[in-house]
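Just below is one structure, and these are the notes that go with it.
The values are calculated or read from the model by the stated rules, or taken from the named source; none is laboratory data. Note that this is a predicted model, so its numbers are computed, not measured. When we count neighbours, we look across all protein chains shown, and the Cβ atoms used for this are built from the backbone with ideal geometry, even at glycine. When the accessible area is computed, the model is the full protein with side chains, heavy atoms only, and any ligands, DNA or RNA have been set aside. Shrake-Rupley method; radii C 1.70, N 1.55, O 1.52, S 1.80 Å.
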Amino acid sequence: MSLLEISNLTLDLPGGARLLHGVSLAVGAGETVGLVGESGSGKSLTARAVIGLAPDRAALGGRIELDGRSVIGASGRDILALRRDSAAMIFQDPRSGINPMRTIGDHMTETLRLCEGLSAAAATARAVELLSAVRLPRPEEHLRQYPHEFSGGMLQRVMIAGALSGSPRLLVCDEPTTALDVTTQAEIVRVLADQRDARGMGMLFITHDLNLAASICDRVVVMRAGRIEEEGPALRVFTRPSADYTARLVATTPTLGPGSGSGSGADERPADVPASDAPRSGGRASALALTASGLSKTYHRHGKPPVRAVVEASFDLEAGAALAVVGESGSGKSTLARMIVGLEPTDGGELAIAGRDRATIPRGRRERLARARSVQMVFQDPYLSLDPRITAGRAIEDALRLHSDLDRASATSRAVDLLEQVGLTAAHAEARPRTLSGGQRQRVAIARALAIEPDVLVLDEATSALDVSVQAQVLDLIARLRRERGLTVLFISHDLAVVRRVCEEVLVMRAGEIVERGGTVRLLEAPSHPYTRLLIDSVPRPRQADAQPAGATVA
Amino acid sequence: MTIPTTPPPAAGAPRPAPGRVGPATLAVQVLRSPRARRPDAVLVVAAGALAVMTLAAVFAPFVAPYPPDAIDLLAVNAPPSAAHWLGTDGLGRDLLSRLVYGARTALLGPLLVVIGSTVIGMLLGLIAGWRGGWIDAVLGRVFDVLFAFPSLLLAIMAVALFGKGLVAPVIAMSIAYAPFVARLTRSLVKAEVSRPYVSAYRVQGFGGAWIAFRRVLPNVTPIVGAQSTLNFGYVLAELAGLSFLGLGVQPPTPDWGAMINEAQSGILAGAFLPALVPAIAVVIAVVAVNILGDELSDRIGGGIPA
Amino acid sequence: MALDRAVAPAVANVAAVSPGRSARVIRRIAGRLGGLALTLFLASLLVFFSRFLVPGDPVSFLLRGRQPSPEAVAQVTEQYGLDLPAWQQYLTWLAGAVQGDFGRSLQYRQDVSAVIADRLPVTLMLVVMAGAIIAVIGISSGIVAALNRGRALDRATLVGLTVLSAIPSFVGSIVLISVFAVQLGWFPTFGSGEGPADMAYHLVLPSIALAIVFVVLVGKVTRSSMVDQLRREHVEVATSRGLRRATVVRRHVVRNALGPILTVSGVLVAGLLVASTIVEAAFGLAGIGSLLVQSVDRLDFPVVQAIVMLIVTAFVVVNAMVDLAEPWIDPRSAAGAGAR
């Protein structure tokens, strides 16, 4: 009999809305089951129900058997026992998952002391043991530290160690690496796999990332809108999905493609858009749209050592081309983008866009408008990059009327034109951002940037807040716009797989420095810098029968 | 009058980005929504009470049965009767009439203070939050100093300097309340400025003043406005308190606070009504304003504690 | 924002306990004390020079409402150095004020400090008693409401607080006097009594009247701070680890919610001292609040200046203490840069 057995689980809100429609799945001891789906699929609700954390007034139906005990309808005391001995959970954001006002030591020992009745000394000894097990470097010292002194990856290790303190038989992981960088993700996944193997735990692994699920899980359950779409061995679901939805999900999930993972996938998608298609750039195919040389930025903080966010960045970008800037958080890629669009003054170096010097902050209205026409930007978070009070159409009109002397009526019709070009309709012009979905908002942001007809378009993590299927649509839109308008694109991203779909060339940054530049295909297949190699190796990919889980060598 | 520790989201701002928010959170939001609404009847009553008071104040000569200082020597401290619906005070003046006329100063003072403090405070807060740097530091210091003078204290000081009446306290309290408005505005503006939409306007080439006044200011105004509505209640109570101390509106001008002051000696003799009637008027006015202010804050999603 | 991202890796490497911590703490305390001194200095400027906003000559301002003999005019001019430049007058006043000498009261013909010292015990006792009521009822009602969020008890508490918030201290005073002193005769109507026990008895009704509005403030802040914490993910994590609800609330919710409550308490002190003017007037108590009103009434400006300065100082000092206590509540604020 399985460690965890969920059969026909339903969840209803008091208002009558049903969020789970009969979910059934099982996890055996030592087995890892992936629960995959996009936002709103019910995967997190299912996971929470397992340890009795369903929303307050929700009604549960069906059965959940954990370690031979029933969870639904269990008494408060039984739930406590279950959480203490049978199952533990790891959450998405370790930064908000640990009480910021208490020490790591307190977090580690509190359940040991309060639930298991260990003495302070014994609890401390166990805590040190657990922290070493998740490979934190200085366990004794960490016990006296506060969460704000730790990085996200270190905190997630603390969370794992804390979850293991009760020696659970089942570990529920809710998107445990989504908030982390890819190299950190690889390390965390390795720690999880090691502990699972050492302890023979079962694992229920919730993620939106099919690649990640396929890299760590034995079996995968795909959910959508509160229902299970498909279930089966991870590799089979990934390579030969049987449900339409799964097939679409697999198709829209960006991968590193041939040569770097499964050798099987024939010719998936090379860099999508040949720049020569661009009709507008006409004769001057090799003209430089952007030249940066020696761009630098250092932040001086009160009472702390300065941070060199960007160090002597030099590169150029041909008109009509698409260049990706890839790096992890803190690599300086966003600072670089902000310098290019003029949101951040440069400390030094030269920047020319379409042949004109743009390194200085513009003074006066004329210069400001000229600067704006040289480069536009689409921001990461579509929920925050549109003014909440201004309708989509009005936002575009404002930009149009600032940069031309169109009257209101023609600005309005031009705005509708632009909305249609990005795949929206005239009806969306009247909508406020609140009523639009994430993908629609990002389309509005793109239309608004296009309204100004910039020489260069900077996309700063423009798709990373979106679900994969929506992300795929927005990436397709960008590819189409490049084809149709000969757009020059600078694409800032943390995700090599996404970059592969959009850009012919990639520039890799680490700690403010550009470490490597090359054609996307070449760089993914034969990286020359060890850091690029590490980045590529850290990207999760489906586990072959013989292959090791993804993971690299840096601790 | 608290200083919010976390800036509330802007007006009509989207819920904290549901980018990766799980359905559990969604469920919680769904669960929360039906109960959050205050019964509308309460709102209607509160708005109605304020409307009645405002109308009474404006049309006092037509509403009041007697002139406010008409003395009926035959009815001193008289209980309610057909001639005097709410009874009379220690000098035989009709309480209802004085109550109606008293609404004028009771409502006018707070209105002026709220307008004055909101205009001054929003302007300074916008400058501090938008410009940052040394301007912010200097204004912050000025606010810190003013915070050390509670509004009633500043009003009392103004009376000590310029004499009794309504003018000096109203000016003093406008100044005393301005830092609260300013600090709220500043923190809201700072939160807005950190949002990418402001950067997006900059990248599009819009000028700083246009963004600040045409886009950021309207986005923070609803929350500041809701807070100022709540201030109205506090100011009303404080100005009435000042009159109660004998430092505000002077007799024989009818004023709720002054009426209570004059009726104090009567209480010991068992004549409660002359003090109680204006006291209840103050309470009703403040409750009504606070209910409306709370509701405004709720609807706008400011979530600022009182 | 870009800065945050840029800083992330730097923070990652600072997993070792940084050696500069105690130096930072000392710098922090020094900074706070400097800020306190500066605020007090600026406040004293405001209090002193406010007099110069009044048109007319200073002698007749100080002697308003009295018929001064030429000798009296000369004496006042001499005493306050009114013939000296303004900044010299200020320095003289400040030097005296720092040593507790605020000059002489015009109405009592006594040292201002002596007049105030005479009245201070009643006000302090009143404020302490009201503070106790506020702390106990305000915090507990806020906690109860938050823990029953959305249920009947929460709504009842909120309605109660909304109604109480509309009862200013003078209304509270006359109602309490009418009911408990005049009608029922349980408490005295007037005066502050003899000796500590009798004084406490005399101050029961006044301290309740004083506390009402502030109970609401503390109750609402407590509730919203608690609700804010209850929503945090770390509370869910603690629950998921098998801790009892009471333990979770005590260790992770109440403790974390203390910050805003403490901040509000700091603001309360000055509010209580000022509001005590009204309560003292209503109950005929001989405290500094009623002294302030009386001095305004009798145009005794030196006393007004002294009491205003006293209240402002109390406010500034208490808030500096709250500020200094903050890292003890929230360790992050100790690490933060010199944010306000």
Exposure of C:Met129 as accessible area (Å², to 10), given a probe of 1.4 Å and all protein chains: 50 Å²
Radius of gyration, Dmax [segment A:98-167; alpha carbons; angstrom]: 10.7, 31
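Over the Cα atoms of segment C:48-131, compute the convex hull volume and normalise it per residue, giving Å³. Show your work: numbers first, answer last.
Working: hull volume 11.4 nm³, N = 84.
With only Cα atoms used, segment C:48-131 gives 136 Å³ per residue.
Just check segment A:1-94 against the gyration tensor rule for me: Cα atoms, a ≥ b ≥ c as the square roots of the eigenvalues, rounded for a/c under 1.5, and otherwise prolate or oblate depending on whether a/b exceeds b/c.
Values: a/c = 1.42, a/b = 1.19, b/c = 1.19.
Rounded shape, in that the Cα axes give a/c under 1.5.
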Summed buried accessible surface, chains C and A, 1.4 Å probe, nearest 100 Å²: 4000 Å²
For segment A:116-239, the fraction of alpha-carbon pairs in successive 10 Å shells from zero, as %: 11, 39, 32, 13, 5, 0
Volume per residue that the Cα convex hull of the protein assembly as shown spans, once the total is divided by residue count, Å³: 205 Å³
Principal axis dimensions, largest first and in whole angstrom, of segment A:406-464 by Cα: 35, 31, 16
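Show C:Leu45, C:Leu176 ordered by accessible area, largest first, where the area counts protein heavy atoms only and the probe is 1.4 Å.
Final ranking, largest accessible area leading: C:Leu45, C:Leu176.
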Pairwise label distance in nanometres, B:Leu123 with A:Glu420, each label 7 Å out on the Cα-Cβ vector: 4.8 nm
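Taking the Cβ-Cβ separation of A:Arg366 and A:Thr291 as r and a Förster radius of 25 Å, what is the calculated FRET efficiency to the nearest 0.05? It would help to have the intermediate numbers written out before the result.
Numbers: r = 23 Å, r/R0 = 0.91.
E(calc), rounded to 0.05, equals 0.65.
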DSSP-defined beta bridges in the protein assembly as shown - what % are antiparallel, rounded to 5: 55 percent
Chain A: Rg to Rh, with Rh as the Kirkwood radius over Cα pairs: 1.00
Separation of alpha-carbon centers, segment C:142-204 and segment A:32-97, rounded to whole Å: 46 Å
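Just to verify a number: FRET efficiency for B:Ser265 and B:Arg141, C-beta to C-beta distance, R0 = 51 Å, to 0.05? Mind showing how you got there, number by number?
Values: r = 46 Å, r/R0 = 0.90.
Once rounded, the FRET efficiency stands at 0.65.
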Within segment A:288-537, percent of DSSP bridges classed antiparallel, to nearest 5: 55 percent
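Taking every pair of alpha-carbon atoms in segment A:339-445, give the share separated by more than 20 Å as a whole percent.
Roughly 49 percent, once rounded to a whole number.
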In nm, spacing of pseudo-spin labels at C:Phe52 and A:Ser528 (7 Å Cα→C-beta vector): 7.3 nm
Within chain B, longest stretch free of exposed chymotrypsin sites (Phe, Trp or Tyr not before Pro) [DSSP loop, at most 14 other beta carbons within 10 Å]: B:86-306
Under 5 Å, built H, 5+ apart or other chain: amide partners of A:Arg510: A:Val515
Dipole magnitude of segment C:122-335 about its Cα centre (Cβ charges: Lys, Arg +1; Asp, Glu -1), debye to nearest 20: 1240 debye
Accessible-area value, B:Ser81, 1.4 Å probe, nucleic acids and ligands omitted, Å²: 60 Å²
Centre separation in Å (Cα based) which lies between segment C:255-309 and segment A:144-169: 49 Å
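Rounded to a whole number of µm²/s, how large is the Stokes-Einstein D of chain C at 37 °C and 0.692 mPa s, given Rh as the Kirkwood radius over C-alpha pairs?
After rounding, the answer is 139 µm²/s.
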Cα-based equivalent ellipsoid, segment B:164-306: semi-axes from gyration tensor eigenvalues, Å: 43, 16, 9
Two-decimal Rg to Rh for segment A:288-537 - Kirkwood Rh, Cα set: 0.97
Span from the segment C:218-251 Cα centroid across to the segment B:203-271 one, whole angstrom: 35 Å
Of C:Leu42, C:Leu258, C:Leu285, the one that fluctuates the most in a GNM where chain C has Cα springs shorter than 10 Å: C:Leu42
Rounded FRET efficiency, nearest 0.05, which uses the C-beta distance separating A:Ser242 from B:Ala209 and R0 of 51 Å: 0.25
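Kirkwood Rh over Cα pairs of segment A:500-544 into Stokes-Einstein at 4 °C, 1.567 mPa s: D in µm²/s?
Values: Rh = 11.2 Å.
Once the numbers are plugged in, D ends up at 116 µm²/s.
Relative contact order, percent, of segment C:122-335 when contacts are C-alpha pairs under 8 Å separated by at least 6 residues? Numbers along the way, then the final one.
Values: 248 pairs, mean separation 54.8, N = 214.
Averaging sequence separation for qualifying contacts and normalising by length gives 26 percent for segment C:122-335.
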Directionally averaged shadow of segment A:55-203, computed from the convex hull of its alpha-carbon atoms, nm²: 9.6 nm²
Chains B and A, summed buried accessible surface - 1.4 Å probe, Å², nearest 100: 3200 Å²
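If exposed trypsin sites (Lys or Arg not before Pro) are those in a DSSP loop with at most 10 other Cβ within 10 Å, what is the longest stretch of chain A that has none? Walk me through the intermediate numbers first.
Details: sites that count: A:Arg280, A:Arg284, A:Arg363.
Of all site-free stretches, the longest is A:1-279.
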Hydrodynamic radius (Kirkwood) for segment C:182-340, which is based on Cα pairs only, to one decimal in Å: 18.9 Å
Rough spin-label spacing in nm, given labels placed 7 Å along Cα→Cβ, for B:Val76 and A:Ser75: 7.5 nm
Cubic angstrom per residue, convex hull over Cα atoms of segment C:264-340: 95 Å³
Chain B: proportion of alpha-carbon pairs further apart than 34 angstrom, %: 35 percent
